[in-house]
Amino acid sequence: INDAPALARATVGMAIGAGTDVAIDCADVVLMKSRLADAVTAVDLARAVMRNIKQNLFWAFFYNALCIPVAAGFFYPLFGWMLSPMVGAAAMSMSSVCVVTNALRLRGFRARSFAGVGSGSAPQACRLQSVNNARRSNMKKIVKIEGMHCEHCSGSVKKGLSKIAGVQSVSVSLEDKQAVLECDESVTDEKIIAMIELLDFKVVGIETQA
């Protein structure tokens, strides 16, 4: 799958560091490690940066809107307020210091921890239920077959039954004239009978064991 066109057309394309050179060139964001959780970290960091930019714009606008009229002598005729050039230069420097200091807070950004996410963090009841469902879904079917006379016949039966969806394993006994299937609940007797008859054999009986 060529993911480079999708990365190029996406609003924000993310590629992993272990990806192809073409994908890395087309992506807007490159994740250094091949962890999907880093995509969440990238989004969180982007939101923190945008929030920091808005804060800097607000404080810079507020600071300049408050101090520029004073430095320009706008209030001197009314209140006699005036700033010396040295105080004005210091005030402008403090504006830059405030903006840079606020931006440096991003160095303290910490990614969210995903240590508890996964199968190990699932509740015990959920894991037990999954195990019980898996056990209930597995069953054994013993199929009595009439018409098998040689190894070729048993091989054809084994190959045919293995093609049925849901069959996990098949063992055919030529002496006992039967086939033993390990399968799930989706494998019905009708599917087995249809496959055996398709191979020109006859099903005598089917025994199901949980």
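Can you tell me how many residues in the range 1-36 are surrounded by 15 or more Cβ atoms within 10 Å (Cβ to Cβ) and in a helix (DSSP H, G or I)? Walk me through how you get there before you give the answer.
Step one: filter the range 1-36 for residues surrounded by 15 or more Cβ atoms within 10 Å (Cβ to Cβ), giving 3-4, 7, 13-16, 19, 22-24, 26-27, 29-31.
With in a helix (DSSP H, G or I) added as a condition, the list becomes 4, 7, 22-24, 26.
Residues in the range 1-36 being surrounded by 15 or more Cβ atoms within 10 Å (Cβ to Cβ) and in a helix (DSSP H, G or I): 6 in total.
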Which of (1) outside any helix (DSSP H, G or I); (2) modelled with pLDDT of 85 or more does H152 not meet, given it meets every other one? (1)
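Could you please find all residues in the range 59-87 being in a helix (DSSP H, G or I) and either more than 30 Å from V49 (Cα to Cα) or not assigned by TED's automatic domain parsing to the domain that holds V49 (or both)? Spell out the reasoning first.
Taking the range 59-87 first, the residues in a helix (DSSP H, G or I) are 59-71, 76-79, 85-87.
Those that are in a helix (DSSP H, G or I) and either more than 30 Å from V49 (Cα to Cα) or not assigned by TED's automatic domain parsing to the domain that holds V49 (or both): P69, V70, A71, Y76, P77, L78, F79, P85, M86, V87.
The values are calculated or read from the model by the stated rules, or taken from the named source; none is laboratory data. Quick caveat: nothing in here was measured; it's all calculated off a predicted structure. Note that we place each Cβ from the backbone using ideal geometry, even for glycine, and neighbour counts take in every protein chain shown.
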